[in-house]
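> Got a structure for you, written out below as structure tokens; questions coming shortly.
The values are calculated or read from the model by the stated rules, or taken from the named source; none is laboratory data. Note that the structure is predicted; figures quoted are calculated from it, not measured. Cβ atoms come from the backbone with ideal geometry, glycine included; neighbour counts cover every protein chain shown.
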Amino acid sequence: APPITAMAARRGTDEMRDRVVLGEFGVRNVHTTDFPGNYPGYEDAWDQRRFEEAFRVDVIREEEDTLEFDMVGIDAAIANAFRRILLAEVPTMAVEKVFVYNNTSIVQDEILAHRLGLIPIRADPRLFEYRNQGDQEGTEIDTLQFQLKIKCKRNPQAAKESSDPDELYFNHKVYSRHMTWVPLGNQTDLFPDADFRPVHDDILIALLRPGQEIDVLMHCVKGIGKDHAKFSPVATASYRLLPDITLLQPIEDEAAETLQKCFSPGVIEIQNINGKKVARVANARLDTFSREVFRHEGLKNLVRLARVRNHYIFSVESTGILPPDVLVSEAIKILMGKCQRFLNELDSVSME
Amino acid sequence: VQADGTDGDCVTFVLHDEDHTLGNSLRYMVMKNPDVEFCGYCITHPSESKINFRIQTRGALPAVEPFRKGLSDLMGVCQHVLNTFEVRIPEQLRVTS
């Protein structure tokens, strides 16, 4: 009768608004459609208060270099903006100019310079300024200087028949721990307890043999990932949407067993009800959506695979320069800074 | 920022040094405004970092207003996200330690 179909219609539009449905051959309802005017009877205009009530952040896991957290109640455009900023616009310090005084190793100068640039440097970029365009020398507020000076010698005490390079030579492996900080100007006063060094001590830079030496001076500057990927502060930053698996009909016995194997372990659990095995969705969050269920003719119409459109599971892995929660805060501040820049420009244009 | 258009209620802003990061999020915020009839952005050429952001309003409202409101709303969203995030991180540390 009429009331039931009206409710079913409303459920249908709710599904279209809140869920991205994975069908057998494609994905439906991908784009956000909840703009004012699209759905009669829904209040879609922007309301900060409604947003604040519905929005929440849950931190799932926080280790020293990785952070996994959930953002619920936000749209794809903004979540993606945070992800793009984390990858490309949060600044860090990295080696930019390498002054080669002596390089007699078999690693070419430019290859060595490229490798040195990619080494993450433990230096808080918020303490430094960007270097001015065209400034070749660098001042103490925008540059960090490092020196790498190492020479390989033969070990006179090695056994005659030994062929192990660790025994035969001194300093034949150049690691990142051999890079030393050379303070510029008044940096010793500006940063009295600072310990500027690469994040990891055991990054192999080059291999040497007796008589070869590397003597380089490096200048680190502040930059962003958009300019060169060496400046990106995250190993990776990604998000996925929360999976939502619904069983449209009760599934029992053998079908239940097959269903459990179709999904990642832990997603479907089998319960024993009245002697029959019944499948139940235990934890949809663990699923990686391989869509194996669509390969089984009997099961594919009994399950609805979908994703919740406004629930984002972020995973941020830092390279070690800054802790991941600081990186996320910085990314949000950078987006605010962009908006502020345009607001200021608008105000200055309207003054004229 | 450069604006050009006919009446003032449909304007194309050219934003320099911007890309999908600000473009898409700003487009979402402006579309949530019920006075806006059309809002879209495009990247003119992938080698140049410039976006064309177009707003058309219903009625006689000048297009600069939804643009300004969209920017302030986006700032409000970011501020709230930042506050919520900064509250939740120390809470989590306290729970796990």
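> Can you name every residue in segment B:21-42 that is part of a strand (DSSP E or B) and in contact with a Ser or Thr (Cβ under 8 Å, 6 or more places away or on another chain)? Break it down stepwise before answering.
Taking segment B:21-42 as the starting set, the residues that turn out to be part of a strand (DSSP E or B) are B:36-42.
Result: B:V36, B:E37.
> Okay, next question. Which pairs have Cβ atoms under 6 Å, sit 6 or more apart or on different chains, and link a residue in segment A:130-144 that is surrounded by 15 or more Cβ atoms within 10 Å (Cβ to Cβ) to one that is of a type in the set (K, R) and in a loop (DSSP other than H, G, I, E, B)?
Listed by first residue and then by second, the contacts come to A:D142/A:R131.
> Here is a follow-up. Run A:V326 past the list (1) within 9 Å of chain B (Cβ to nearest Cβ); (2) without any contact (Cβ under 8 Å) to a residue 24 or more places away in the chain; (3) among the β-branched types (V, I, T) and report the number of the one that doesn't hold.
(1)
> Under 9 Å between Cβ atoms, which residue pairs at least 6 apart in sequence (or on different chains) link something in segment A:102-120 that is within 11 Å of A:V216 (Cα to Cα) with a partner that is part of a loop (DSSP other than H, G, I, E, B) and among the polar types (S, T, N, Q)?
A:N103/A:Q212; A:L112/A:S105
> Within 30 Å of A:V308 (Cα to Cα) and either in contact with a Gly (Cβ under 8 Å, 6 or more places away or on another chain) or of a type outside the set (V, I, T) (or both): is that true of A:A9 in this structure? First the steps, then the outcome.
Values: within 30 Å of A:V308 (Cα to Cα): yes; either in contact with a Gly (Cβ under 8 Å, 6 or more places away or on another chain) or of a type outside the set (V, I, T) (or both): yes.
Here the answer is yes, as A:A9 does meet what is asked.
> Just give me the residues in segment A:8-35 being of a type in the set (A, V, I, L, M, F, W, C), buried (at least 16 other Cβ atoms within 10 Å of the Cβ) and over 24 Å from A:L299 (Cα atoms), in sequence order.
Of everything in segment A:8-35, just one residue is of a type in the set (A, V, I, L, M, F, W, C), buried (at least 16 other Cβ atoms within 10 Å of the Cβ) and over 24 Å from A:L299 (Cα atoms), namely A:F35.
> Of the residues that make up segment A:231-253, is at least one in contact with a Leu (Cβ under 7 Å, 6 or more places away or on another chain) and either without any contact (Cβ under 8 Å) to a residue 24 or more places away in the chain or part of a helix (DSSP H, G or I) (or both)? Talk me through it step by step, then tell me what you get.
Let us first name the residues in segment A:231-253 that are in contact with a Leu (Cβ under 7 Å, 6 or more places away or on another chain), namely A:232-234, A:237, A:245, A:247-249, A:251.
After this cut, where a residue has to be either without any contact (Cβ under 8 Å) to a residue 24 or more places away in the chain or part of a helix (DSSP H, G or I) (or both) as well, the list is none.
No, segment A:231-253 contains no residue that is in contact with a Leu (Cβ under 7 Å, 6 or more places away or on another chain) and either without any contact (Cβ under 8 Å) to a residue 24 or more places away in the chain or part of a helix (DSSP H, G or I) (or both).
> Sticking with this one: Is it the case, given these coordinates, that A:F170 is within 26 Å of the chain's Cα centre (by Cα), among the aromatic types (F, W, Y) and in the same structural domain as A:E96 (by the TED database)? Before you say what the answer is, go through the steps one by one.
On the way: within 26 Å of the chain's Cα centre (by Cα): no; among the aromatic types (F, W, Y): yes; in the same structural domain as A:E96 (by the TED database): yes.
Taking the combined requirement at face value, the residue does not satisfy it.
> When residues of segment A:59-83 are filtered for being among the charged types (D, E, K, R), in a strand (DSSP E or B) and in contact with a helix residue (DSSP H, G or I) (Cβ under 7 Å, 6 or more places away or on another chain), how many remain?
Start the filter on segment A:59-83 by keeping residues that are among the charged types (D, E, K, R), which leaves A:61-65, A:68, A:70, A:75, A:83.
With in a strand (DSSP E or B) added as a condition, the list becomes A:61-62, A:68, A:70.
Then drop every residue that is not in contact with a helix residue (DSSP H, G or I) (Cβ under 7 Å, 6 or more places away or on another chain), which leaves A:62.
Adding up the residues that qualify gives 1.
> Give the residues of segment A:254-310 that are part of a helix (DSSP H, G or I) and among the β-branched types (V, I, T), sorted by residue number. Before the answer, list the steps.
If we filter segment A:254-310 for residues that are part of a helix (DSSP H, G or I), which is where we start, we get A:254-262, A:284-286, A:292-295.
Within segment A:254-310, A:T258, A:V293 meet the criteria.
> Of everything in segment A:213-256 that's touching a Gly at 6+ places or on another chain (Cβ under 8 Å) and among the aliphatic types (A, V, I, L, M), which residue is surrounded by the most Cβ atoms within 10 Å (Cβ to Cβ)?
Let us first name the residues in segment A:213-256 that are touching a Gly at 6+ places or on another chain (Cβ under 8 Å), namely A:219, A:221, A:228, A:230-233, A:255.
Cutting the leftovers down to among the aliphatic types (A, V, I, L, M) gives us A:221, A:255.
Working: A:V221: 21, A:A255: 17.
Filtering segment A:213-256 for residues that are touching a Gly at 6+ places or on another chain (Cβ under 8 Å) and among the aliphatic types (A, V, I, L, M), the one surrounded by the most Cβ atoms within 10 Å (Cβ to Cβ) comes out as A:V221.
> Can you find a residue that is away from chain B (no Cβ under 11 Å) and in a helix (DSSP H, G or I) anywhere in segment A:17-36?
yes
One line per residue, one yes/no per condition, for (1) more than 21 Å from the chain's Cα centre (by Cα); (2) under 30 Å from A:V95 (Cα atoms); (3) assigned by the TED database to the domain that holds A:P198:
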{"residue": "A:I214", "(1), (2), (3)": "yes, yes, yes"}
{"residue": "A:H219", "(1), (2), (3)": "yes, yes, yes"}
{"residue": "A:L241", "(1), (2), (3)": "no, no, no"}
{"residue": "A:I321", "(1), (2), (3)": "no, yes, no"}
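> If you don't mind, another one. How many residues does segment A:194-212 contain that are crowded, with 16+ Cβ neighbours inside 10 Å and either of a type in the set (A, V, I, L, M, F, W, C) or closer than 24 Å to A:P91 by Cα (or both)? Walk me through how you get there before you give the answer.
Filtering segment A:194-212 for residues crowded, with 16+ Cβ neighbours inside 10 Å gives A:194, A:196-199, A:203, A:205-206, A:208, A:212.
Retained after the next criterion (residues that are either of a type in the set (A, V, I, L, M, F, W, C) or closer than 24 Å to A:P91 by Cα (or both)): A:194, A:196-199, A:203, A:205-206, A:208.
Number satisfying all stated conditions: 9.
> Given the structure, is A:V278 surrounded by fewer than 17 Cβ atoms within 10 Å (Cβ to Cβ) and assigned by the TED database to the domain that holds A:I60? Reasoning before the result, please.
On the way: surrounded by fewer than 17 Cβ atoms within 10 Å (Cβ to Cβ): yes; assigned by the TED database to the domain that holds A:I60: no.
Considered against the rule, which asks whether it is surrounded by fewer than 17 Cβ atoms within 10 Å (Cβ to Cβ) and assigned by the TED database to the domain that holds A:I60, A:V278 comes out as no.
One line per residue, one yes/no per condition, for (1) surrounded by 16 or more Cβ atoms within 10 Å (Cβ to Cβ); (2) more than 24 Å from A:R49 (Cα to Cα); (3) at pLDDT below 90; (4) not acidic (D, E):
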residue	(1), (2), (3), (4)
B:V11	yes, yes, yes, yes
B:E18	yes, yes, yes, no
B:T44	no, yes, yes, yes
B:E48	no, yes, yes, no
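> When you check A:L204 against the structure, is it touching a strand residue (DSSP E or B) at 6+ places or on another chain (Cβ under 7 Å), touching a residue at least 60 places away in the same chain (Cβ under 8 Å) and under 17 Å from A:I150 (Cα atoms), yes or no? Lay out the reasoning, then the answer.
On the way: touching a strand residue (DSSP E or B) at 6+ places or on another chain (Cβ under 7 Å): yes; touching a residue at least 60 places away in the same chain (Cβ under 8 Å): no; under 17 Å from A:I150 (Cα atoms): yes.
Considered against the rule, which asks whether it is touching a strand residue (DSSP E or B) at 6+ places or on another chain (Cβ under 7 Å), touching a residue at least 60 places away in the same chain (Cβ under 8 Å) and under 17 Å from A:I150 (Cα atoms), A:L204 comes out as no.
> Test A:E317 against the criterion of being modelled with pLDDT of 90 or more and either in a loop (DSSP other than H, G, I, E, B) or under 17 Å from A:P91 (Cβ atoms) (or both), and give yes or no.
Working: modelled with pLDDT of 90 or more: yes; either in a loop (DSSP other than H, G, I, E, B) or under 17 Å from A:P91 (Cβ atoms) (or both): no.
Against the criterion (modelled with pLDDT of 90 or more and either in a loop (DSSP other than H, G, I, E, B) or under 17 Å from A:P91 (Cβ atoms) (or both)), A:E317 does not qualify.
> Moving to a separate point now. Does A:V100 satisfy the criteria of being part of a strand (DSSP E or B) and among the aliphatic types (A, V, I, L, M)? Don't jump to the end; show me each part of the working.
Details: part of a strand (DSSP E or B): yes; among the aliphatic types (A, V, I, L, M): yes.
Yes, satisfied.
> Looking at segment B:68-85, which of its residues are touching a residue at least 40 places away in the same chain (Cβ under 8 Å) and at the interface with chain A (Cβ under 7 Å from one of its Cβ atoms)?
Within segment B:68-85, B:L71, B:D73, B:L74, B:V77 qualify.
> Of everything in segment A:289-342, what is touching a Lys or Arg at 6+ places or on another chain (Cβ under 9 Å) and under 17 Å from A:R19 (Cα atoms)? Give them in sequence order.
A:F289, A:R304, A:L305, A:A306, A:R307, A:V308, A:R309, A:Y312, A:I313
> Looking at (1) surrounded by fewer than 20 Cβ atoms within 10 Å (Cβ to Cβ); (2) closer than 30 Å to A:K173 by Cα, find the lone condition where A:E96 falls short.
Of (1) surrounded by fewer than 20 Cβ atoms within 10 Å (Cβ to Cβ); (2) closer than 30 Å to A:K173 by Cα, only one is false for A:E96: (1).
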